[in-house]
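Nothing in this text is a laboratory measurement; each read-out follows from the coordinates by a stated rule. Quick caveat, the model's predicted, so the values are computed rather than measured. Please note: Cβ atoms are built from the backbone with ideal geometry, for glycine as well, and neighbour counts cover all protein chains shown.
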Amino acid sequence: MAMTKDQIKTAYPLPVYNFRVEIDGNTVGFSEVSGLNIAYETMTYTESGTGVGGPRIMYMPGKPKVTTLTMKKGVVTGVSVATLYSWINSIALNRVVKKDIVIRLCDENGAAVVSWKVVNAFPTQLDAPAFTASSNDVAVESMSLTADNIIVEQS
């Protein structure tokens, strides 16, 4: 039996190439975003054991792990310096500017379906593109960020 268009929309996964990144409400074009994970440290509790079998060991979630996000984009005149370089240079002046970043996975019409809100992110590393005289690849820069939290929202 054939599926309807609405059934296909809800049954098939979305492609990863259709996403949008917003930094402080401004849309910035990135070619890759990785590190969107929510993880917790694991704590081990050991109860004093009396009787057969020894002590009982339990594992419980602990404090959240540090979120490290990596974003890559092509070097664009007028956009790269204003967006990424000035942000990481604010750290050198000891004035850390934390920003919220929203990554939206979109459907075929460009409407957001799932969003990841990265809370209080700040840059920790900026990598310039690799320069190769024998290549005609696009110059891609990479920025690593650390954040307080990630919130997943369904649109």
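The simple Förster model, with R0 at 41 Å and r as the Cβ-Cβ distance, assigns I8 and N94 a FRET efficiency of 0.20. Residue separation of Q125 and V66 scaled by 0.36 nm, minus their Cα-Cα distance, works out to 19.7 nm of gained length. Between S48 and S135, residue separation times 0.36 nm minus the direct Cα-Cα distance comes to 24.9 nm.
The helix-based estimate of mean residue ellipticity at 222 nm for the chain, built from -39,500 (n - 2.57) per DSSP H run of four or more residues and divided by its residue count, is -2500 deg cm²/dmol to the nearest 500. What whole number of Å gives the distance from the Cα centroid of the stretch 1-48 to the Cα centroid of the stretch 79-101? Measuring centre to centre over Cα atoms gives 25 Å. Give the aspartates and glutamates reachable from K65 as a straight Cα distance under 17 Å; neighbours fewer than 8 places away on the same chain don't count. Qualifying aspartates and glutamates at Cα under 17 Å: E41, D148. Computed from label points 7 Å out along Cα-Cβ, the spacing between V113 and L36 is 1.2 nm. Relative to its residue count, the stretch 22-95 spans a Cα convex hull of 145 Å³ per residue. Computed across the stretch 61-155, the Kirkwood hydrodynamic radius from all distinct Cα-Cα pairs reaches 15.3 Å.
Structure note, pairs K72/K117; K9/K63; K9/K73; K9/K72; K73/K98; K63/K117: Cα-Cα distances above 27 angstrom occur for K9/K63; K9/K73; K9/K72. When exposed loop sites are taken as chymotrypsin sites (Phe, Trp or Tyr not before Pro) in a DSSP loop with at most 11 other Cβ atoms within 10 Å, the longest stretch of the chain clear of them is 18-130.
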